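J.: Quick one: the structure is below, and I'll ask about it shortly.
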């Protein structure tokens, strides 16, 4: 006699998630060499890199307000958490009150070294690639970074790296951090062109 | 071996560095005032202090807690007479009581950083500590009572 329950249980477990998810691919920086115009090539490189910048794993910690976001639909963080004066929470509700320096599988709490929000002036969520590009190049809104330091932050930062290793049940950022860093490098080397600054539609 | 300094006393434990601090506190050291509830850092019942900062013991691995100053509800005061504990009694804050040690530990971390918090400060710092009995108005009143004592 066949017992159907094990199959139902398996389907239910798959439905609630928990396994490693794969991210979208990212085009290699070298593949843009076919674009002869330097400005056009730079814009195309930034457009590809924008897939990472706008991805929920990145944008959720770059909100335009004091609330971190969760999940692929940018839900407001629950338990309620607020930015605080140093972008790392408030007394008794620091980011590090719950988040560790690594993902916790047993509690499903994501983690990485120095878990915190990006400063308010670096908000990306709900903004267009053109708006984000202008911010990234503006020292007043990028933490006083040079373009070289922007590359270092993108390609080498441990908290940024979490976007590609978000733990079971979370969609990773597109491609790899190396591919993203290569895109940013190539974008800088081609003049760091920005798309027009247009208002976000959402 | 991992050495934990809990409420001023050192404990050498033969435990996995990934073991949650809450397990060590309750099951290995026997300090059961810190409660297990959700186990996922969602409710605050297991709140303790690590070098004075409130953390959720159910998700803090022993490797992070080792070498730090750990304070549990048992160590908040010598005789249960911390101003918050006194205010909790005076205002009869608890109902079932299960979440209250976590509530008091979070409130103590808040007042250590901000001795005279506003309602908004209290709500922002305490909103991660859930109370299914709904004692929130009395929790807020007790924190204000201690803050008023600080002002005087």
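Nothing in this text is a laboratory measurement; each read-out follows from the coordinates by a stated rule. Values in this document were obtained by computation on a predicted structure and should not be read as measured data. When we count neighbours, we look across all protein chains shown, and the Cβ atoms used for this are built from the backbone with ideal geometry, even at glycine.
J.: Return the single residue from B:85, B:103, B:95 with maximal mean-square fluctuation; model: Gaussian network over chain B, springs between Cα atoms under 10 Å.
T.: Fluctuation is largest for B:95.
J.: If you take the square roots of the eigenvalues of the alpha-carbon gyration tensor of chain A and sort them as a ≥ b ≥ c, do you get rounded (a/c under 1.5), prolate (a/b over b/c) or oblate? Mind dumping the intermediate values first?
T.: Numbers: a/c = 2.21, a/b = 1.39, b/c = 1.59.
Oblate is the answer for chain A, as a/c is 1.5 or above yet b/c matches or exceeds a/b.
J.: Note down the relative contact order for chain B as a percent, whole number, built from C-alpha pairs under 8 angstrom at least six residues apart. Don't skip to the end; give the middle numbers.
T.: Details: 252 pairs, mean separation 36.1, N = 152.
It comes to 24 percent, rounded to a whole number.
J.: Which residue fluctuates the most in chain B, going by a Gaussian network model with Cα springs under 10 Å, if the choices are B:126, B:105, B:19?
T.: B:19
J.: Can you compute the label reach from residue B:66? Point 7 Å from Cα along the Cβ direction, backbone N cut-off under 12 Å, restricted to the range B:1-40.
T.: Residues B:1-5, B:12-19 fall inside that zone.
J.: Quick check: the angle from helix A:38-53's long axis to the longest principal axis of chain A, C-alpha only, nearest 10 degrees?
T.: The helix A:38-53 is inclined about 20 degrees to chain A.
J.: Here's something else I'd like to know. Evaluate Rg over Rh across the range A:51-116, taking Cα atoms for both radii and Kirkwood's formula for Rh.
T.: Working: Rg = 11.6 Å, Rh = 12.3 Å.
Radius of gyration relative to Kirkwood radius: 0.94.
J.: Suppose we keep just the DSSP beta bridges with both residues in chain B; what percent of those would be antiparallel, to 5?
T.: Of those bridges, close to 85 percent are antiparallel.
J.: In addition: What percent does the relative contact order of chain A come to when contacts are Cα pairs within less than 8 Å and at least six residues apart? All intermediate terms of the calculation are to be shown ahead of the outcome.
T.: Numbers: 306 pairs, mean separation 64.0, N = 202.
The normalised contact order for chain A reaches 32 percent.
J.: Between helix A:147-156 and chain A, what is the angle of the helix's C-alpha long axis to the longest principal axis, kept within 0 to 90° and rounded to the nearest 10?
T.: Between helix and principal axis, roughly 20 degrees.
J.: Further question: Take chain B, connect every pair of alpha-carbon atoms lying under 10 Å apart with a spring to form a Gaussian network, then pick out the residue of B:39, B:80, B:102 with the largest mean-square fluctuation.
T.: Top of the fluctuation ranking is B:80.
J.: Once every DSSP H run of n ≥ 4 in chain B is given -39500 (n - 2.57) and the sum is divided by its residues, what mean residue ellipticity at 222 nm do you get, rounded to the nearest 500 deg cm²/dmol?
T.: Details: 5 runs with 50 residues, N = 152.
Helix-only estimate at 222 nm: -9500 deg cm²/dmol.
J.: With r defined as the distance between the Cβ atoms of residue B:119 and residue A:120 and R0 fixed at 22 Å, what FRET efficiency is calculated, to the nearest 0.05? Show your work: numbers first, answer last.
T.: Details: r = 23 Å, r/R0 = 1.06.
Rounded to the nearest 0.05, the efficiency is 0.40.
J.: Fewest Cβ neighbours within 10 Å first, please rank B:110, A:156 accordingly. Could you put the intermediate results ahead of the total?
T.: Values: B:110 24, A:156 11.
With the fewest neighbours first, B:110, A:156 line up as A:156, B:110.
J.: Determine the shape class of the range B:2-75: with a ≥ b ≥ c the square roots of the Cα gyration tensor eigenvalues, call it rounded for a/c under 1.5, and otherwise prolate if a/b is greater than b/c, oblate otherwise. List each step's numbers first, then the result.
T.: Working: a/c = 1.44, a/b = 1.26, b/c = 1.15.
Here the range B:2-75 falls in the rounded category.
J.: Sum -39500 (n - 2.57) across every DSSP H segment of at least 4 residues in chain A, then divide by the residue count to get the 222 nm mean residue ellipticity, nearest 500.
T.: Numbers: 8 runs with 72 residues, N = 202.
Calculated at 222 nm, the ellipticity per residue is -10000 deg cm²/dmol.
J.: OK, next. Given a Förster distance of 56 Å, report the FRET efficiency between residue B:145 and residue A:161 from their Cβ-Cβ distance, rounded to the nearest 0.05. Each step should come with its number before you reach the end.
T.: Details: r = 46 Å, r/R0 = 0.82.
Efficiency at R0 = 56 Å is approximately 0.75.
J.: Give me the angle, in degrees from 0 to 90, between the Cα long axis of helix A:5-16 and the longest principal axis of the Cα atoms of chain A, rounded to the nearest 10.
T.: 30
J.: Tell me, what is the Rg over Rh of chain B, with Rh the Kirkwood radius over Cα pairs? List each step's numbers first, then the result.
T.: Numbers: Rg = 15.1 Å, Rh = 15.6 Å.
On the Cα set of chain B, Rg over Rh gives 0.97.
J.: Explain nothing, just the number: relative contact order of the range A:36-113, from Cα pairs under 8 Å at least 6 residues apart, as a whole percent.
T.: Details: 69 pairs, mean separation 10.2, N = 78.
Taking the mean separation of contacting Cα pairs over the length of the range A:36-113, I get 13 percent.
J.: Sticking with the crude label model, points 7 Å out along Cα→Cβ, report the distance from residue A:21 to residue B:91 in nm, one decimal please.
T.: Calculated label separation equals 4.1 nm.
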